[in-house]
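Structure first, then comments.
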Amino acid sequence: MAIKKILIANRGEIACRVIKTARKMGIATVAVYSDADREALHVQMADEAVHIGPAPSNQSYIVIDRILDAIRQTGADAVHPGYGFLSENAAFAAALEKEGVAFIGPPVGAIEAMGDKITSKKIAAEAGVSTVPGHMGLIEDADEAVRIAAKIGYPVMIKASAGGGGKGMRIAWNDTEAREGFQSSKNEAKNSFGDDRIFIEKFVTQPRHIEIQVLGDKHGNTLYLGERECSIQRRNQKVIEEAPSPFLDQATRKAMGDQAVALAKAVGYHSAGTVEFIVDGNRNFYFLEMNTRLQVEHPVTELITDIDLVEQMIRIAADEKLAFGQADVKLNGWAIESRLYAEDPYRNFLPSIGRLTRYRPPAEGAHEDGTIVRNDTGVYEGGEISMYYDPMVAKLCSWGPDRTAAIEAMGRALDDFEVEGIGHNLPFLSAVMQNGRFREGRLTTAFITEEFPDGFHGLAPDTAAARGMAAVATLINDRLQRRATKISGTIGNHRRVVGREWVVALGSEAIAVTFAQEGDASRITFADGGTASIHSDWLPGQTHATFFVDEMPMGVKVDKIGYSLRLRWRGIDVIARVREPRVAELAKLMPVKLPPDTSKMLLCPMPGLITAIAVAEGDTVEAGQALATIEAMKMENILRAERKAVVKRVAVPVGAGLAVDEVIMEFE
Amino acid sequence: MRPILEQLQARRDEAYLGGGQKRIDAQHGKGKLTARERLEVLLDAGSFEEYDMYVTHRAVDFGMAGQKIAGDGVVTGWGTINGRQVYVFSQDFTVLGGSLSETHAQKICKIMDMAVRNGAPVIGLNDSGGARIQEGVASLAGYAEVFRRNAEASGVIPQISVIMGPCAGGAVYSPAMTDFIFMVRDSSYMFVTGPDVVKTVTNEIVTAEELGGAGTHTKKSSVADGAYENDIETLEHVRLLFDFLPLNNRDKPPLRPFHDDPARLEARLDTLIPDSSSKPYDMKELILAIADEGDFFELQENFAKNIITGYIRLEGQTVGVVANQPMVLAGCLDIDSSRKAAKFVRFCDAFNIPILTLVDVPGFLPGVAQEYGGVIKHGAKLLFAYSQATVPMVTLITRKAYGGAYDVMASKHIGADVNYAWPTAEIAVMGAKGATEILYRSELGDTEKIAARTREYEERFANPFVAAERGFIDEVIMPHSSRKRIARAFASLRGKQVDARWRKHDTIPL
């Protein structure tokens, strides 16, 4: 059958992504949208759009009947589910089948089989897929536990069947520990859960998350498109993915690929799917689960294989045969994906919502140096990041001939990405690109907790970076000062002459420089005699520009704040003050002030009515978290925590009318 | 001749030392700069021309005859800020606590007279213990001479006061009569009577900082227009402000090369107004989007936040902005916001600075406190200021313009030259709900009927077209083209001339 019109049962970047390919293939598209998405990008991009209900997804995007209504209304003959929402919902796929509409995804049976954790493991084991070795049966006593542990091979994890939250869980590296661990787990399990059944499985050390992309048609052809490594995660949320994995060798890749294909065949799979493995430090790999949909991180595979996965899914759904075989799949170069989340890294990654007052992604496509940048997004400048859906703003991908080139390209692309109005993780992503361990490819799923144990507070510039930033600040200052002297009304012949000597204060560090214009470029001489050349097209008012410092391009974000400059580059976020040497000397006399003591009370900022209290006594609140809502002049104003604190007392009930500065709650 | 030159140098060196190294060190120890150091930061390097360096007082009582220090506690003269002339005085706390004597006052009066004659602003850096008690009434007379000159210079040249230490008693009234007051956080205070007297008279126990610190005057009393962390940051910001101001009332606002396309379109403004009229949005985003290079110098940022006042540039030239802020009290007018905006509008009009007014106002704030506080007269100040202004005025209504507040916020009727509205504007006597409740009081029991009436009212009045049909709005513009349209409107008004009828002066409702 030929597909003429696709309805995308999704929103955000993935809906936009599918529309792009459909348009390329000459297929009409239908978007669906909730109340919160009336002005969303996917609605603007699609040929038709159908409203499907209120903002919460359980009243819109995941209501099967609403989607079916939209299909009937528009006459769509196929549905792409994207990821999330209804993408792995067997009932939805079945309903479409009944409706006679093509589901651009796997068969119902495969969704069902892989949707259940226990069934999927069983099928995988039967298909010859490597699963985590373990003993599922009941274990009588410590002796038996030791025997089983030795058979599995150390280290092992001893777990309570009913366990959770780390309770009743022990890791054993030898017989003695296995014996002790079994006893203590059993006791703990009995006390905590009243169920002392214990099982033992292989403990995977230095675990990495590596997954295989499979693709199969309805004619029995199934192949794999290499792997993606997704080890950089925060609280099980993937943050940075890449393809290929820096860890796999050709033999392991093939072994994993073959097993993934075997599993797909075992469940009669067609369309795109992903088989997730956990891989240990010795390249032993074990099956985790199979995702029967297009993955968020699919673009990295597309970049190294040059295969459009959405196009293949559509062709497969239209009963076409795969036009290529396993031997035709070549992995070319390296691709990295950074997920830009509306999460504030300086506030412990608290979700941030609001208006995108600025959204300027870096230039996409092939760059002069041979690298490629791709940005998948569903937002635009002036758009709203709402509280109803996941906080992903964009997926920024880079491709380079090798891993280092891809990382460098990503670093530059992140520097050139301007996002304002919401808190977001751009500086954190930049910091990961700078991280030595990341650059060496020594990843595990614990990477973020190990490398950023105290959270993320911005990178401190090293000597070279500080000099680069100082050079940038000096050039900007020179342009601002020169322009300032061109004001009208000066007394002729007595105009201000802009000096060459400056002192740049970056945070608490002071760097003395001499500035000299040399043709199109400028030369900065540092106090120790070192020099740097710098040139840039930056003009006053520009919030981003590329500065060439000794010909190295630096994409710096520039904000003028009063008399100082905020500069952001490569995860560094500093305030630079450029002053004449005499003023800089006097500045040393200025008192160092501690940050003002934010009061331990939430005071009412305006006369109004409390319409909601969002926290309870004893709650721990993060900076930026909503505390209470006040209605004043018929407007709802949300009051947020200024910093992390514990709520000691809520002083007023909902419905209370308050005057300015009345206490709403107190903190400990 | 050399010995004579050396003598001059020696006298200068002595004067430069002010109250001596020990007192200079003490001043530094408090995190404060000396009077001359402050001028070095404020003025272009090497531009300061000092006058009256050798002036000393003539008092003899209370052992004063032996305490003569060259300069007598104040450094005066002129210099430039980015090449534009400014007269300055800087009180020297190291000399008798910067106290004001008859001669100290004379030095200030001298440069004020020169400033008025030559048409250049005055910036005063205040750091003084107050009147020089040893001189008695001569000192008080000195203050009064300064006060009178403040009044005479008002509206002729801009006057800026920077409070960089104590400023108490009669001393506060000179800054109070100037156009701008800036303070240094934690090291300056202003009050008429200090904490000790307050305790004796009213039994209130209060610190100097609580009574008259930068926090008090920027958030509560609105005496100050801004406060900064330390001496240097404060003086740097005064330099920034100075670049927005004309030199005198015959001068045009300054013009500076700019690097921002006046026709720049801002697509994001098309989504600035939220779906629901009860949802706030940040008016500052619009100000920054309109301004050249996103550069905005805000005044009284922490007082009466329901209205925003400050300077931007359009095509390189200063424009004063008054804007309702829907984020605070829905952007309503009340006593504080009316006074704040009125003061700002008067200054702009006195010094030929065009005024841009951005309107989203639901009306005046109701309440007993407001009425008892005289909101009628305070609101009238803003109405009066706008009605009287003759500078080019452009008004843009973004959303609500209800009731009397519509009239007040630079409506066509009171003298604005070009009035624009976004298609989201609602220009009406009041909100639809309130209006239907009055118009259809008898139907109030029937929620369905009332809802229908409300919809009917919304459709009829919740738009800019009723006003546009009458010519009260010159054009309904696309939000994304706001910068371009406003810049062109001001460009068209550059030749504006208004002849005023002779009068001694108006009687603004004070």
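Helices (runs of 4 or more DSSP H) fully within the range A:413-487 that include at least 2 residues being in contact with a Ser or Thr (Cβ under 9 Å, 6 or more places away or on another chain): A:426-434, A:447-451, A:463-484. Cβ-Cβ contacts under 7 Å between residues 6 or more apart (or on different chains), taken from a first residue in the range B:252-273 that is facing chain A (nearest Cβ under 7 Å) and farther than 11 Å from B:Ala289 by Cβ to a second residue that is assigned to a loop (DSSP other than H, G, I, E, B) and basic (Lys, Arg), are listed as B:Arg256/A:Lys486; B:Pro257/A:Lys486. The number of residues in the range B:43-60 that are under 25 Å from B:Ile81 (Cα atoms), away from chain A (no Cβ under 14 Å) and of a type in the set (D, E, K, R) comes to 2. Selection of the range A:357-384 for residues being open to solvent by 20 Å² or more (accessible area, probe 1.4 Å), within 14 Å of chain B (Cβ to nearest Cβ) and either assigned to a loop (DSSP other than H, G, I, E, B) or among the hydrophobic types (A, V, I, L, M, F, W, C) (or both) yields A:Thr357, A:Val379, A:Tyr380, A:Glu381. Does at least one position in the range A:41-64 carry a residue that is open to solvent by less than 20 Å² (accessible area, probe 1.4 Å), among the hydrophobic types (A, V, I, L, M, F, W, C), assigned to a helix (DSSP H, G or I) and within 25 Å of A:Asp308 (Cβ to Cβ)? No, because not a single residue in the range A:41-64 is open to solvent by less than 20 Å² (accessible area, probe 1.4 Å), among the hydrophobic types (A, V, I, L, M, F, W, C), assigned to a helix (DSSP H, G or I) and within 25 Å of A:Asp308 (Cβ to Cβ). The number of residues in the range B:166-187 being within 14 Å of chain A (Cβ to nearest Cβ), touching a helix residue (DSSP H, G or I) at 6+ places or on another chain (Cβ under 6 Å) and not in a strand (DSSP E or B) comes to 1. What about A:Arg72, is it over 30 Å from B:Arg268 (Cα atoms), modelled with pLDDT of 95 or more and open to solvent by 20 Å² or more (accessible area, probe 1.4 Å)? For A:Arg72, the condition - over 30 Å from B:Arg268 (Cα atoms), modelled with pLDDT of 95 or more and open to solvent by 20 Å² or more (accessible area, probe 1.4 Å) - is met.
The numbered conditions (1) closer than 30 Å to B:Asp349 by Cβ; (2) open to solvent by 30 Å² or more (accessible area, probe 1.4 Å) are all true for B:Ala428 except (2). Being in a helix (DSSP H, G or I) and more than 22 Å from the chain's Cα centre (by Cα) is a description that does not apply to A:Ala405. Condition first: within 14 Å of chain B (Cβ to nearest Cβ), touching a Leu at 6+ places or on another chain (Cβ under 7 Å) and either open to solvent by 40 Å² or more (accessible area, probe 1.4 Å) or farther than 21 Å from B:Met327 by Cβ (or both). Now tell me which residues in the range A:635-661 satisfy that. Correct list: A:Arg640, A:Gly657, A:Asp661. The residue that is nearest to B:Asp251 (Cα to Cα), counting only those in the range B:104-158 that are surrounded by 18 or more Cβ atoms within 10 Å (Cβ to Cβ) and of a type in the set (Asp, Glu), is B:Asp127. In a loop (DSSP other than H, G, I, E, B) and more than 33 Å from the chain's Cα centre (by Cα), is that true of A:Ile524? No. For A:Asp77, the criteria (1) open to solvent by less than 10 Å² (accessible area, probe 1.4 Å); (2) in contact (Cβ under 8 Å) with a residue 24 or more places away in the chain hold in every case but one, which is (1). Residues of the range B:367-401 that are within 14 Å of chain A (Cβ to nearest Cβ) and either charged (D, E, K, R) or open to solvent by 30 Å² or more (accessible area, probe 1.4 Å) (or both): B:Gly367, B:Val368, B:Ala369, B:Gly373, B:Arg399, B:Lys400. A:Val592 fulfils the conditions (1) in a loop (DSSP other than H, G, I, E, B); (2) surrounded by fewer than 16 Cβ atoms within 10 Å (Cβ to Cβ); (3) away from every other protein chain (no Cβ under 13 Å) except for a single criterion, (3). For the range B:279-297, taking the residues that are more than 24 Å from B:Gly363 (Cβ to Cβ) and open to solvent by 10 Å² or more (accessible area, probe 1.4 Å), the one that is nearest to the other protein chains (Cβ to nearest Cβ) is identified as B:Glu293. The set of residues in the range B:209-218 being crowded, with 17+ Cβ neighbours inside 10 Å and either touching a residue at least 40 places away in the same chain (Cβ under 8 Å) or out of contact with any Gly (no Cβ under 8 Å at 6 or more places or on another chain) (or both) consists of B:Gly212, B:Gly213, B:Ala214, B:Gly215, B:Thr216, B:His217, B:Thr218.
Of all residues in the range B:1-27, those satisfying the criterion of being surrounded by fewer than 17 Cβ atoms within 10 Å (Cβ to Cβ) and within 14 Å of another protein chain (Cβ to nearest Cβ) are B:Asp25, B:Ala26. Of all residues in the range A:613-622, those that are surrounded by fewer than 16 Cβ atoms within 10 Å (Cβ to Cβ) and among the hydrophobic types (A, V, I, L, M, F, W, C) total 2.
In the set A:Arg147, A:Arg208, only one residue is crowded, with 17+ Cβ neighbours inside 10 Å, of a type outside the set (Val, Ile, Thr), out of contact with any Pro (no Cβ under 9 Å at 6 or more places or on another chain) and modelled with pLDDT of 85 or more; that residue is A:Arg208.
Does B:Ile486 meet the test of being among the aliphatic types (A, V, I, L, M), part of a helix (DSSP H, G or I) and open to solvent by 70 Å² or more (accessible area, probe 1.4 Å)? Judged against the criteria, B:Ile486 is not a match. With respect to the conditions (1) in contact with a helix residue (DSSP H, G or I) (Cβ under 9 Å, 6 or more places away or on another chain); (2) more than 14 Å from chain B (Cβ to nearest Cβ); (3) within 23 Å of A:Gln434 (Cα to Cα); (4) open to solvent by 10 Å² or more (accessible area, probe 1.4 Å), A:Ser533 lacks only one, and its number is (3). Here A:Asp559 does not qualify as touching a residue at least 60 places away in the same chain (Cβ under 8 Å), open to solvent by less than 60 Å² (accessible area, probe 1.4 Å) and either closer than 30 Å to A:Ala464 by Cβ or among the hydroxyl-bearing types (Ser, Thr, Tyr) (or both).
The selection criterion, being at pLDDT below 95 and assigned to a loop (DSSP other than H, G, I, E, B), holds for A:Thr598. Remark: pairs (first residue in the range B:365-377, touching a residue at least 60 places away in the same chain (Cβ under 8 Å); second residue surrounded by fewer than 12 Cβ atoms within 10 Å (Cβ to Cβ) and of a type in the set (Asp, Glu); Cβ separation under 7 Å; 6+ apart in sequence or on different chains) are absent. Residues that are free of Cβ contacts under 8 Å to residues at least 40 places away in the same chain and either assigned to a strand (DSSP E or B) or not polar (S, T, N, Q) (or both) within the range A:489-508 comprise A:Gly489, A:Ile491, A:Gly492, A:His494, A:Arg495, A:Arg496, A:Val497, A:Val498, A:Arg500, listed in sequence order.
The values are calculated or read from the model by the stated rules, or taken from the named source; none is laboratory data. In this text the structure is predicted, and so the values were computed from the model without any measurement. When we count neighbours, we look across all protein chains shown, and the Cβ atoms used for this are built from the backbone with ideal geometry, even at glycine. Each accessible area value is taken on the protein alone, full model and side chains, heavy atoms only, with ligands, DNA and RNA left out. Shrake-Rupley method; radii C 1.70, N 1.55, O 1.52, S 1.80 Å.
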